[in-house]
Structure formats: C-alpha cells, structure tokens
Amino acid sequence: MHPFFTFEGPEGSGKSTQIQLLYEDLAAYYDVLLVRDPGGTKIGEHIRTLLLNTAGMDIDSRTETLLFAAARAQLVEEVIRPALEAGRVVLCDRYTDSTLAYQGYGRSQGLALLRTLNAYATAGLQPCLRFYLNLSPEEGLKRIRETRISHSHSARDWNRMDAQDLAFHRSVHAGYLALIQENPAQWECLDANLDPAELQRQISRKTISMLPTPCD
C-alpha cells in the first residue's frame, strides 16, 4: 500500500500541529508531501474559504458535503495520486473520515451514501494508516478559545465548523470513535491530552515503522 497517512481529530485536538511536526521529522530522510483537505489546490483553497468562512452564507448540509467531496477529488487527482506514484510519502490533514464524522454523524446524513461519494471523489484511494487524536469536544473548543485570547502563535481563526453547537461536536466525536471501533487496525488512536513532545514521538515512531529504511 502507498505511504499515505491521514490525520483526524475534533477541533482543537492539535492534529495540524502534529502533522507539521511529523513532516519535519520525516523530511530529513524521505521525500514528503504535506497537504490539507479541503485545500491543497487552487480550486480546493477557494472551496475551503467557502466552507469555513464564518461570515459566509447559510450552507445546506448536502451542499456542504458535495463541496468537501469536490475539493477532495481535485486534491487526489492533482496532488496526492501523482505524489504517491512518484514514490513520495504523503501526509494529509483530514480526509474521507472527516466526511463520515462531520457530515455523517454530525449532520445525520446517511453513511452508506457518504461512503459511496467518498469512493467516487477519491477513485478509491485510501490511506495506509489514519492517526486519530482523541480529545473531548469540550476541551478542544476550550483550547481554541484560549489560544485566540492569548494571541498564541498557534491560534487560528474561529471557523464555521468551530461555531457549531456542542451537541454537533459531541456527535462528531462519537462518530469518530464508532469509525475506529469498526476497523481498529486501520487507525492509530492517540490521547491528545499527552504532552505534545510525547505525542510527537509516538506518531513519528509508528510512521517510521511502516516506511522502508531510507537510503543513505
């Protein structure tokens, strides 16, 4: 299977920080590509702005789902698949499981239909491993608020998904846990409450164990 790793987690779990740290760990030894979903292409970045802009329009759930799928289709065909075919290691910040968790469990859309849509958008391309940073939605949203108040370098804009009510975020969290329970061998579930350096070590160790020994 291709060296394709995805990172999933609730808002505020630190997955974007950890995927960047893994990229830096691997870049000295491997040809690594780091991308985000939605995003990573000109089309995908425009769609990302539409989807996450808090000042934006009231987006219907089906429209939201199709926009995520469209951005992902472009990312796979324009960026991810060519990189994998060239022998690169690909790290992706969110992927198909986000659609199942957010639009499936969070928006109560049918999982079977979403799986079909995911398969169509990606032409069946799946990661070799999914990292999940497990954190309660309450703690995740608290982290985002605190970093914004403190003007931390890690602060990010409060986006449209953050702004959903707590019940939505709890449904997403429960959805991720259900997905992991379905196929535990496909996931590496990690405690996002751990010290970030320890979390980084665990992620790096697991990833390297699945990659070939780098050439000198």
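Figures for the structure shown
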item: Most to least packed among 94-103, 192-201 [average Cβ atoms within 10 Å]; result: 94-103, 192-201
item: Solvent-accessible area per residue for the chain (1.4 angstrom probe, square angstrom); result: 50 Å²
item: Length gained when the stretch Arg145-Asp31 is fully extended (0.36 nm per residue, less Cα-Cα span); result: 37.5 nm
item: Residue-by-residue Karplus 3J(HN,Hα) for segment 125-134, coefficients 6.51, -1.76, 1.60, Hz, glycine and proline x; result: 6, 10, x, 7, 7, 10, 8, 10, 9, 8
item: Listed residues Ile208, Tyr23, Pro38: farthest to the positive end of the dipole of the chain (Cβ charges); result: Pro38
item: Distant-in-sequence amide H partners of Leu129 (H built 1.01 Å from N, under 5 Å); result: Phe4, Thr6
item: Nearby lysines by direct alpha-carbon distance to Lys42 (threshold 28 angstrom, same-chain neighbours under 8 apart not counted); result: Lys15
item: Label corresponding to Cα extents along the principal axes in Å when calculated from the structure given, among (i) 53, 39, 34; (ii) 62, 48, 27; (iii) 50, 40, 39; result: (i)
item: Apportionment of accessible area to carbon and sulfur, segment 5-146, percent (1.4 Å); result: 54 percent
item: Estimated vicinal HN-Hα couplings, Hz - segment 167-174 in sequence order (Karplus 6.51, -1.76, 1.60; Gly, Pro = x); result: 4, 4, 5, 5, 5, 4, 4, 4
item: Assigned charges on the beta-carbon of Lys, Arg, Asp, Glu; the chain dipole about Cα centre (debye); result: 220 debye
item: Residue-averaged 222 nm ellipticity for the chain, from DSSP H runs of 4+ at -39500 (n - 2.57), nearest 500; result: -14500 deg cm²/dmol
item: Per-pair calculated FRET efficiency, R0 = 35 Å: Thr213 and Arg160 via Cβ, rounded to 0.05; result: 0.20
item: Cα gyration tensor category, rounded, prolate or oblate, for segment 65-145 with a/c compared to 1.5; result: oblate
item: Whole-angstrom gap from segment 172-210 to segment 1-66, using each part's C-alpha centre; result: 17 Å
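The values are calculated or read from the model by the stated rules, or taken from the named source; none is laboratory data. Keep in mind the model is a prediction, meaning the values are calculated, not measured. Here Cβ is always computed from backbone atoms with ideal geometry, including for glycine, and neighbour counts include all displayed protein chains. The area values use the complete protein model at the heavy-atom level, side chains included, leaving out ligands, DNA and RNA. Shrake-Rupley method; radii C 1.70, N 1.55, O 1.52, S 1.80 Å.
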